[in-house]
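Before any comments, here is the structure.
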Amino acid sequence: GRPILHGYFRSSCSWRVRIAFALKGVEYDQLPVNLIKDGGQQLTEEYKALNPMQQVPAVEIDGTTLSQSLAVIQYIDETRPGPRLLPADPKARAQVRMISDLIASGIQPLQNLYVIQKIGAEKMQWSQHFIDRGFQALEPILKQTAGKYCVGDEISMADICLVPQVYNAERFKVDVGKYPTIKRLNEALLEIEAFQVSHPSRQPDTPDDLRA
Amino acid sequence: MRLSLACLAKPILHGYFRSSCSWRVRIAFALKGVEYDQLPVNLIKDGGQQLTEEYKALNPMQQVPAVEIDGTTLSQSLAVIQYIDETRPGPRLLPADPKARAQVRMISDLIASGIQPLQNLYVIQKIGAEKMQWSQHFIDRGFQALEPILKQTAGKYCVGDEISMADICLVPQVYNAERFKVDVGKYPTIKRLNEALLEIEAFQVSHPSRQPDTPDDLRA
């Protein structure tokens, strides 16, 4: 059967997986998990069986269920034909993973829904702080590694992580203009169909008022 | 054939004895039998040596570890570990089978994205007085998820019967759990795996109690 993505339109981690599927030309089904409604559908026993961490995304693929977006993306890359999502050169590949992990471990987990619900009233400043801190580090790294895209001139998992994180930054009113390389890369990537078709404004569960 | 001088030099690990992310890299080097040098970065002394301009040039995120290897500098422990795996001979740190490899990455990322960043030094300094409960909460939450996953994937080690990057991430996270007084006995699979792994030399020689910068009172 086709892969099934359990995700949320506005979840940056879910968007990463949607981009990867689109870049590889893999058709998949979506079973949306509304993180807000009913107290958060990710907290049901049913969803917990798919992903004990009770987060999105979870992906049913090839008879197994995987969570953690970068594990899913690399699995897709290693089992499906189409453009590579990580470069062939080991050093470039390490740079792609370094940039991806800076975002996926160093920024996003500090501003995801679960954490900001715990932080409470100061969540805007908290999130801005961690996004700015991460982008302040990412900007000089990308100045070194980037060509047309994050690492050289081929789209990679680093680009897949960058665009959703910029979207998050904008939601938290971070001024991305302070990071010219990030800004330039984000704009270039948003021109690409895989990043458009997977955009939060175009998903089955996008609310009408946010739909493109 | 010209050999690059950079490839002849030993890798240099900039880390801290008690940093779980640094320990992961030390384990990987040990499993692969790769000799390396250490330049310790004391995260507490002098307001935190990771905050110097000098260190920032190595890692703009101002965290440990950073690794100078083959003429380049890498940060993010899992990127370093996979680079070592892909460029050095010796036992695989990720399995050959793509599904098993995905499970190794899933477990590694659960720890490296879902637990550790919520209890690292920078964050708990921001949390302040409630840092113990905060850290315990996020470690317990992660272990509550990891336990049923490991019940499915584990054989002798986290994924099947071969040591992998998942094991490399698990042991330092259990060490952190114990430092924050989490009762790891609540997670029998995690406990069992941790005990088995601590018997292995690579996990012992890389242990926080045995590093060049281990303080005397914590030295094994």
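Yes or no, residue by residue, for (1) crowded, with 24+ Cβ neighbours inside 10 Å; (2) within 14 Å of chain B (Cβ to nearest Cβ); (3) without any contact (Cβ under 8 Å) to a residue 24 or more places away in the chain:
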residue	(1), (2), (3)
A:G7	yes, no, no
A:R18	yes, no, no
A:G25	no, no, no
A:Y28	no, no, no
A:P32	no, no, no
A:D38	no, no, yes
A:Q54	no, yes, yes
A:T79	no, yes, yes
A:R84	no, no, no
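Taking A:D101 as the residue in question, decide whether it is at the interface with chain B (Cβ under 8 Å from one of its Cβ atoms), acidic (D, E) and buried (at least 21 other Cβ atoms within 10 Å of the Cβ). Yes: the conditions hold for A:D101.
For the condition surrounded by 16 or more Cβ atoms within 10 Å (Cβ to Cβ), not in a helix (DSSP H, G or I) and not assigned by TED's automatic domain parsing to the domain that holds A:R16, A:V174 qualifies. Restricting A:Y114, A:Y149 to residues that are surrounded by fewer than 23 Cβ atoms within 10 Å (Cβ to Cβ), aromatic (F, W, Y) and either within 18 Å of A:D175 (Cβ to Cβ) or within 12 Å of another protein chain (Cβ to nearest Cβ) (or both) narrows the list to A:Y114. Which residue pairs have Cβ atoms closer than 7 Å, lie 6 or more positions apart in sequence or on different chains, and pair a first residue in the stretch B:202-219 that is closer than 20 Å to B:E35 by Cβ and of a type in the set (G, A, S) with a second residue that is at pLDDT 95 or above and part of a helix (DSSP H, G or I)? Between residues of the stretch B:202-219 that are closer than 20 Å to B:E35 by Cβ and of a type in the set (G, A, S) and residues that are at pLDDT 95 or above and part of a helix (DSSP H, G or I), the close pairs are B:A202/B:I27; B:A202/B:A30; B:A202/B:L31; B:S206/B:W23; B:S206/B:R26; B:S206/B:I27; B:S206/B:A30.
Scanning the stretch A:63-76 for residues that are more than 7 Å from every other protein chain (Cβ to nearest Cβ), touching a Pro at 6+ places or on another chain (Cβ under 9 Å) and not hydrophobic (A, V, I, L, M, F, W, C) returns a single hit, A:S69. Here is a check on your reading of the model: is A:V151 touching a residue at least 60 places away in the same chain (Cβ under 8 Å), among the aliphatic types (A, V, I, L, M) and more than 24 Å from A:P200 (Cβ to Cβ)? Yes.
Listed by position, the strands (runs of 3 or more DSSP E) inside the stretch A:1-111 whose residues that are farther than 25 Å from A:P207 by Cβ number at least 3 are A:64-67.
Which of the residues that make up the stretch B:117-133 are aromatic (F, W, Y) and facing another protein chain (nearest Cβ under 8 Å)? Within the stretch B:117-133, no residue meets the criteria.
The values are calculated or read from the model by the stated rules, or taken from the named source; none is laboratory data. Every value quoted in this text rests on a predicted model; they were computed, and no experiment measured them. Glycine gets a Cβ as well: all are built from the backbone with ideal geometry, and neighbour counts include every protein chain shown.
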